[in-house]
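Inspection log for the structure reproduced underneath, given as structure tokens.
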Amino acid sequence: MAAKLKTGDKVVVLAGKDKGKQGEITSVDPKSGKAVVDGVNMAVRHQRQTQSNQGGRQPKAMPIDLSNLAIVDKNGKASRVGFREEDGKKVRFAKTTGDVI
């Protein structure tokens, strides 16, 4: 099945403690159905000090379920993703505006 959300997409959170927040997807794990979004679902992780790292308590974005994310269209609204064929290629488009993503 083709991926509706990919790395680099701008998304909005639909449910959970960060509902309404927007961010960009940094990584996607299709097997577990989760994605890491910048500034969303933050947790504090304790980091050991190294030569290149100060160490201490550092915030880290944790994975969030793909079902709780929706792509942001050109109007800034949450949209579902559809697929269609243009010039022999399968492309993703926003269902609210019909624009190719």
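The values are calculated or read from the model by the stated rules, or taken from the named source; none is laboratory data. Owing to the predicted nature of the structure, the values given are computational and were not obtained by experimental measurement. Note: ideal-geometry Cβ built from the backbone for every residue, glycine included; neighbour counts use all protein chains shown.
Points worth noting:
- Which numbered condition VAL44 fails, given (1) hydrophobic (A, V, I, L, M, F, W, C); (2) free of Cβ contacts under 8 Å to residues at least 40 places away in the same chain; (3) touching a helix residue (DSSP H, G or I) at 6+ places or on another chain (Cβ under 9 Å): (3)
- Evaluation of PRO30 against (1) in contact with a strand residue (DSSP E or B) (Cβ under 7 Å, 6 or more places away or on another chain); (2) modelled with pLDDT under 95 (one fails), failing number: (1)
- Hey, ALA78 farther than 21 Å from LYS4 by Cβ and either of a type in the set (A, V, I, L, M, F, W, C) or in contact with a Lys or Arg (Cβ under 6 Å, 6 or more places away or on another chain) (or both) or not: no
- Residue list for the stretch 59-101, filter: surrounded by 14 or more Cβ atoms within 10 Å (Cβ to Cβ), aliphatic (A, V, I, L, M) and without any contact (Cβ under 8 Å) to a residue 40 or more places away in the chain: ALA61, ALA94
- For the residues VAL36, VAL44, the requirement of being farther than 25 Å from ILE101 by Cα and of a type in the set (A, V, I, L, M) singles out VAL44.
- Considering only residues in the stretch 15-58 that are in contact with a Gly (Cβ under 8 Å, 6 or more places away or on another chain) and assigned to a strand (DSSP E or B), the one that is surrounded by the most Cβ atoms within 10 Å (Cβ to Cβ) turns out to be VAL37.
- Yes/no for GLY8 being part of a loop (DSSP other than H, G, I, E, B), loosely packed, with under 15 Cβ neighbours inside 10 Å and over 13 Å from the mean Cα position of the chain (by Cα): no
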